[in-house]
Amino acid sequence: MTLTVNQFVRIFAGAFVLISLGLGVEGSPLFVSKNFLWFTAFVGANLFQSGFTRICPLETILRKLGVKDSVGCS
């Protein structure tokens, strides 16, 4: 199975949100600083704006690296 740009974006966004929550929430065993929650907000804001503008820096990077866009329904 070959992953597409859309799948990579979802995987990266989900991973960054989970990691930054783990590092930013005081109850977490991974807690470092509440400031990591700003990273969570940044990822969410970027996903939100890309839904309207269709501009996503990660998509651009992945396409330049040769990752294919999805073709048809899967």
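Only protein atoms count toward the accessible area here, which uses a 1.4 Å probe; on the chain, the carbon and sulfur part of that area reaches 69 percent. In a simple Cβ point-charge model (Lys, Arg +1; Asp, Glu -1; nothing else charged), the range 1-68 has a dipole of about 300 debye relative to its Cα centre. The Cα atoms of the chain cover 43, 29, 22 Å along the three principal axes, with the biggest extent listed first. Between 48, 66, 2, the Cα set farthest toward the positive side of the dipole of the chain (charges on each charged residue's Cβ, about the Cα centre) is that of 66. Over the range 27-69, the Kirkwood radius and the radius of gyration, each from Cα atoms, give a ratio Rg/Rh of 1.16.
The trypsin sites (Lys or Arg not before Pro) of the chain that meet both conditions, a loop assignment by DSSP and at most 13 other Cβ atoms within 10 Å of the site Cβ, are 34, 54, 68. For the chain, the 222 nm mean residue ellipticity estimated from helices alone, with every DSSP H stretch of n ≥ 4 adding -39500 (n - 2.57) and the total spread over all residues, rounds to -20500 deg cm²/dmol.
The values are calculated or read from the model by the stated rules, or taken from the named source; none is laboratory data. Please read all numbers here as calculations on a predicted model, not as lab measurements. Don't worry about glycine lacking a Cβ; one is built from the backbone with ideal geometry, like all the others, and counts go over all protein chains shown. These accessible areas exclude ligands, DNA and RNA; they are computed on the full protein's heavy atoms, side chains included. Shrake-Rupley method; radii C 1.70, N 1.55, O 1.52, S 1.80 Å.
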